[in-house]
Amino acid sequence: WGIIGQANGYSWDIDVWMYESEGKWISSPFRVDGEFKIRYNAGWDVNRGGSFAALGTAFDVTAGGSNIAIPDMVGKYVKLVYDPATEQITITEFK
């Protein structure tokens with residue numbers, strides 16, 4: 001899985017890769033520049049999006065869901081954890 005969108009200075013053209021650990025997919029810290037989603041193997045046939053709730057709170061994502069936006073975190077760094085078993089993402093601030 002990877003993060004695609006407005007992150008780390010990219011604009012929907014380069015994935016920020018995630019790694020798997022104990023059944024969850026975890027990002028390295030990345031800078032939020034705008035909206036983003038996650039997708040599998042850099043393809044659009046399997047992607048997830050949803051409505052962000054709050055930092056540290058898991059929120060539901062769906063196949064082809066809406067872009068994830070965190071206006072208060074633009075220009076700041078976060079970490080993302082995707083749990084495919086529950087179809088939820090949790091985002092925390094990276095300091």
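The values are calculated or read from the model by the stated rules, or taken from the named source; none is laboratory data. Predicted model, so just to flag it, every value in this text is computed and none were measured. These area figures cover heavy atoms from the full protein model, side chains too; ligands, DNA and RNA do not enter into them. Shrake-Rupley method; radii C 1.70, N 1.55, O 1.52, S 1.80 Å.
Legend: residues W1, W17, sorted from most to least accessible area (1.4 Å probe; ligands, DNA and RNA excluded), read W17, W1. Per residue, the solvent-accessible area of the chain (1.4 Å probe, heavy atoms of protein chains only, all protein chains present) comes to 52 Å². Taking the protein heavy atoms of the stretch 5-95 in the context of the full set of protein chains, the accessible area attributed to carbon and sulfur is 49 percent at 1.4 Å. Using only the C-alpha atoms, the convex hull of the chain corresponds to 85 Å³ per residue.
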